[in-house]
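These notes are about the structure you will find just below.
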Amino acid sequence: MPRSHAPVVLVSEKLSDATLDVLGPDFVVRHCDGADRDALLDAVVDADALLIRSATKVDAEVLAAAGRLRIVARAGVGLDNVDVAAATDAGVLVVNAPTSNIVSAAEMAVGLLLATARNIAPANSALKDGEWARSRYAGVELAGKTVGVVGLGRIGALVAERLAAFRMKVVAYDPYVKPERATELGVELLDLDSLLETSDFVTVHLPKTPETIGLIGEEALRKVKPSVRIVNAARGGIVDETALALALKEGRVAGAGIDVFEFEPTVESPLFDFESVVVTPHLGASTSEAQEKAGVSVATSVRLAFAGEPVPDAVNGSSLADMGR
Ligand SMILES: NC(=O)C1=CN([C@@H]2O[C@H](COP(=O)(O)OP(=O)(O)OC[C@H]3O[C@@H](n4cnc5c(N)ncnc54)[C@H](O)[C@@H]3O)[C@@H](O)[C@H]2O)C=CC1
Ligand SMILES: O=C(O)CCC(=O)C(=O)O
């Protein structure tokens, strides 16, 4: 492809070097800050492809500003920041990288769960502040406890396998999963209320959809054991932060590990007031391995699309031809 006719790829968030290596000289790569709305709206005007992570919101306004856009490629799993229906209407192919970061996300959830069980974060802070507080930070074991996995998809299943190795009993709520899959994983499927009533730990692995927003909210948090610890490394808003803060305050929940927030980026949340809550700034996919896989995956999809080939990870069609491009 001669460079003067090369498609323009707009990269709106930090992606791995491998992403650019896969694109190579056949594409003109430009960068902008996808979290800066005005910068995004300016830069997208002459982009043929847009490469994003979770901080770039691709909605109808962005799609309308993007006169030449043919593909939006999400270097990760969640597509809640992309209006896929509006993209389809605009003839824009949407792809993600659905397996790129699942191991990293699962390991993050297990890390948060262990951190909440053993008070690792507050004990670390206290000791570095000069306090040797052994009795204050006594915790609980995982072995013999029940963990409720809410959403037994790719990441939920990896979490289930890993927590079974800690000798936990694993139960799950996922009305869309085949019972044979749960059996294969050694997981007992329950309805949500039973899971909430019986679990010592609850870990959420759902996509953010109108159905899942607030699923773990005030009502759900009135059904849990007071000793429960809750982990959310899926999406902010699925666990309602205000309801969780109230439950912690009233002693209806013992602790939480939270990687994702309703509004991101953020430096405030009612959850930050609790020592029993460990928080991280949406780091689930932030490993070198996941970022390399995600970048290579979306760059490969972009190459396939512009070569007129089918794109296996496309979510609203199979190729640019399907979108009338
Ligand atoms: N913290 C982070 O950095 C990361 C977060 N994620 C989040 O994790 C989410 C899950 O990822 P995967 O496991 O790969 O997705 P997946 O699509 O493989 O699994 C999601 C599961 O949720 C179930 N589900 C959907 N709606 C439901 C409902 N209303 N009630 C109960 N179950 C429901 C589905 O049946 C499916 O089994 C992503 O959508 C993304 O938002 C993903 C990667 C990294
Ligand atoms: O974009 C990121 O790095 C976050 C990963 C994530 O949340 C996802 O893949 O759904």
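Residue-wise test of (1) away from ligand 1 (no atom under 16 Å from the Cβ); (2) under 25 Å from V77 (Cβ atoms).
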{"site": "A121", "(1), (2)": "yes, no"}
{"site": "L127", "(1), (2)": "yes, no"}
{"site": "V140", "(1), (2)": "yes, no"}
{"site": "F166", "(1), (2)": "yes, yes"}
{"site": "L190", "(1), (2)": "no, yes"}
{"site": "L195", "(1), (2)": "no, yes"}
{"site": "S199", "(1), (2)": "no, yes"}
{"site": "H205", "(1), (2)": "no, yes"}
{"site": "T209", "(1), (2)": "no, yes"}
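Considering only residues that are among the basic types (K, R) and part of a helix (DSSP H, G or I), which ones fall in the range 293-325?
Of the residues in the range 293-325, the ones among the basic types (K, R) are 293, 303, 325.
If the condition is that a residue be among the basic types (K, R) and part of a helix (DSSP H, G or I), then K293, R303 are the ones that fit.
In the range 159-185, which residues are assigned to a loop (DSSP other than H, G, I, E, B) and in contact (Cβ under 8 Å) with a residue 24 or more places away in the chain? Show your work before the answer.
Just the residues of the range 159-185 that are assigned to a loop (DSSP other than H, G, I, E, B), to begin with: 165-168, 174-178.
F166, R167, M168, D174, V177 - these are the residues of the range 159-185 that are assigned to a loop (DSSP other than H, G, I, E, B) and in contact (Cβ under 8 Å) with a residue 24 or more places away in the chain.
Among the residues of the range 217-238, how many are aliphatic (A, V, I, L, M) and either in contact with an Asp or Glu (Cβ under 7 Å, 6 or more places away or on another chain) or within 11 Å of ligand 1 (Cβ to nearest atom) (or both)?
Narrowing the range 217-238 to residues aliphatic (A, V, I, L, M): 220-221, 224, 228, 230-231, 233-234, 238.
Still in the running and either in contact with an Asp or Glu (Cβ under 7 Å, 6 or more places away or on another chain) or within 11 Å of ligand 1 (Cβ to nearest atom) (or both): 228, 231, 233-234, 238.
Going through the range 217-238 one residue at a time, the tally reaches 5.
Could you grab me the full set of residues in the range 255-270 that are touching a Lys or Arg at 6+ places or on another chain (Cβ under 8 Å) and either part of a helix (DSSP H, G or I) or more than 14 Å from ligand 1 (Cβ to nearest atom) (or both)? Break it down into steps so the answer makes sense when it comes.
Taking the range 255-270 first, the residues touching a Lys or Arg at 6+ places or on another chain (Cβ under 8 Å) are 255-257, 260.
G255, A256 - these are the residues of the range 255-270 that are touching a Lys or Arg at 6+ places or on another chain (Cβ under 8 Å) and either part of a helix (DSSP H, G or I) or more than 14 Å from ligand 1 (Cβ to nearest atom) (or both).
Would it be correct to say that T242 is hydroxyl-bearing (S, T, Y), assigned to a helix (DSSP H, G or I) and closer than 30 Å to L69 by Cα? Give the steps one after another, and end with the answer.
Values: hydroxyl-bearing (S, T, Y): yes; assigned to a helix (DSSP H, G or I): yes; closer than 30 Å to L69 by Cα: no.
For T242, the condition - hydroxyl-bearing (S, T, Y), assigned to a helix (DSSP H, G or I) and closer than 30 Å to L69 by Cα - is not met.
Could you run through the range 271-292 and say how many residues are surrounded by fewer than 23 Cβ atoms within 10 Å (Cβ to Cβ), outside any loop (DSSP other than H, G, I, E, B) and within 13 Å of ligand 2 (Cβ to nearest atom)?
Narrowing the range 271-292 to residues surrounded by fewer than 23 Cβ atoms within 10 Å (Cβ to Cβ): 271-276, 279-283, 286-289, 292.
Those still in the list that are outside any loop (DSSP other than H, G, I, E, B) too: 271-273, 279, 288-289, 292.
Add one more test, that the residue is within 13 Å of ligand 2 (Cβ to nearest atom), and what stays is 288-289, 292.
The qualifying residues number 3.
Scan the range 77-105 for residues that are part of a helix (DSSP H, G or I), crowded, with 20+ Cβ neighbours inside 10 Å and more than 10 Å from ligand 2 (Cβ to nearest atom) and report the count.
In the first step, residues of the range 77-105 are kept if they are part of a helix (DSSP H, G or I); the result is 84-89, 102-105.
Retained after the next criterion (residues that are crowded, with 20+ Cβ neighbours inside 10 Å): 87, 102, 104-105.
Imposing the further condition that a residue be more than 10 Å from ligand 2 (Cβ to nearest atom) reduces the set to 87.
Qualifying residue count for the region: 1.
Looking at V315, V298, V277 in this structure, which one is within 19 Å of A55 (Cβ to Cβ) and either away from ligand 1 (no atom under 16 Å from the Cβ) or over 16 Å from the mean Cα position of the chain (by Cα) (or both)?
V298
Could you count how many residues in the range 106-130 are more than 15 Å from ligand 2 (Cβ to nearest atom), surrounded by 20 or more Cβ atoms within 10 Å (Cβ to Cβ) and within 27 Å of R53 (Cα to Cα)?
Qualifying residue count for the region: 3.
Go through the range 282-295 and give me each residue that's more than 9 Å from ligand 1 (Cβ to nearest atom) and aliphatic (A, V, I, L, M).
Applying the first criterion (more than 9 Å from ligand 1 (Cβ to nearest atom)) to the range 282-295 yields 287-289, 291-295.
Scanning the range 282-295 gives a single hit, A294.
So A66 passes all but one of these: (1) more than 16 Å from ligand 1 (Cβ to nearest atom); (2) touching a Pro at 6+ places or on another chain (Cβ under 7 Å). Which condition number does it fail?
The one condition A66 does not meet is (2).
Within the range 75-96, identify whether any single residue is hydroxyl-bearing (S, T, Y), more than 21 Å from A294 (Cα to Cα) and over 19 Å from the mean Cα position of the chain (by Cα), and answer yes or no.
Looking only at the range 75-96, we keep the residues that are hydroxyl-bearing (S, T, Y), and these are 88.
Add one more test, that the residue is more than 21 Å from A294 (Cα to Cα), and what stays is 88.
Keeping just the survivors that are over 19 Å from the mean Cα position of the chain (by Cα) gives 88.
Yes: the range 75-96 contains one or more residues that are hydroxyl-bearing (S, T, Y), more than 21 Å from A294 (Cα to Cα) and over 19 Å from the mean Cα position of the chain (by Cα).
I'd like to know if the range 183-204 contains one or more residues that are modelled with pLDDT of 95 or more, within 16 Å of ligand 2 (Cβ to nearest atom) and among the aliphatic types (A, V, I, L, M). Full working, then the answer.
The first filter runs over the range 183-204 and keeps only residues modelled with pLDDT of 95 or more, leaving 183-204.
In the following step, the residues that additionally are within 16 Å of ligand 2 (Cβ to nearest atom) were identified as 203-204.
Next, from what is left, pick out any that are among the aliphatic types (A, V, I, L, M): 204.
Yes, some residue in the range 183-204 is modelled with pLDDT of 95 or more, within 16 Å of ligand 2 (Cβ to nearest atom) and among the aliphatic types (A, V, I, L, M).
Taking into account only those residues within the range 255-270 that are closer than 16 Å to A115 by Cα and more than 11 Å from ligand 2 (Cβ to nearest atom), which is nearest to the chain's Cα centre (by Cα)?
If we take residues in the range 255-270 being closer than 16 Å to A115 by Cα and more than 11 Å from ligand 2 (Cβ to nearest atom), then I258 is nearest to the chain's Cα centre (by Cα).
If we scan the range 239-249, do we find a residue that is under 19 Å from N81 (Cα atoms) and either surrounded by fewer than 24 Cβ atoms within 10 Å (Cβ to Cβ) or within 16 Å of ligand 1 (Cβ to nearest atom) (or both)? If you could, list the steps in order and put the result at the bottom.
Here is the first cut: in the range 239-249, the ones under 19 Å from N81 (Cα atoms) are 239-240.
Checking the rest, the ones that are also either surrounded by fewer than 24 Cβ atoms within 10 Å (Cβ to Cβ) or within 16 Å of ligand 1 (Cβ to nearest atom) (or both) come to 239-240.
Yes: the range 239-249 contains one or more residues that are under 19 Å from N81 (Cα atoms) and either surrounded by fewer than 24 Cβ atoms within 10 Å (Cβ to Cβ) or within 16 Å of ligand 1 (Cβ to nearest atom) (or both).
Looking at the range 202-238, which of its residues are buried (at least 18 other Cβ atoms within 10 Å of the Cβ) and part of a helix (DSSP H, G or I)? Working first, answer last.
As a first pass, look at the range 202-238 and keep what is buried (at least 18 other Cβ atoms within 10 Å of the Cβ): 202-206, 208, 212, 215-217, 220-221, 224, 228-238.
Matches in the range 202-238: A220, L221.
Looking at G156, G151 in this structure, which one is crowded, with 18+ Cβ neighbours inside 10 Å, in contact (Cβ under 8 Å) with a residue 60 or more places away in the chain and within 20 Å of M108 (Cα to Cα)? First the steps, then the outcome.
On the way: G156 fails: in contact (Cβ under 8 Å) with a residue 60 or more places away in the chain.
After applying the criteria, what remains is G151.
What's the number of the condition R252 fails, among (1) farther than 20 Å from H205 by Cα; (2) in contact (Cβ under 8 Å) with a residue 60 or more places away in the chain; (3) part of a loop (DSSP other than H, G, I, E, B); (4) not polar (S, T, N, Q)?
For R252, the exception is condition (2).
The values are calculated or read from the model by the stated rules, or taken from the named source; none is laboratory data. In this text, all values refer to a predicted model and were calculated from it rather than measured experimentally. Glycine also receives a Cβ, built like all others from the backbone with ideal geometry; neighbour counts cover every protein chain displayed.
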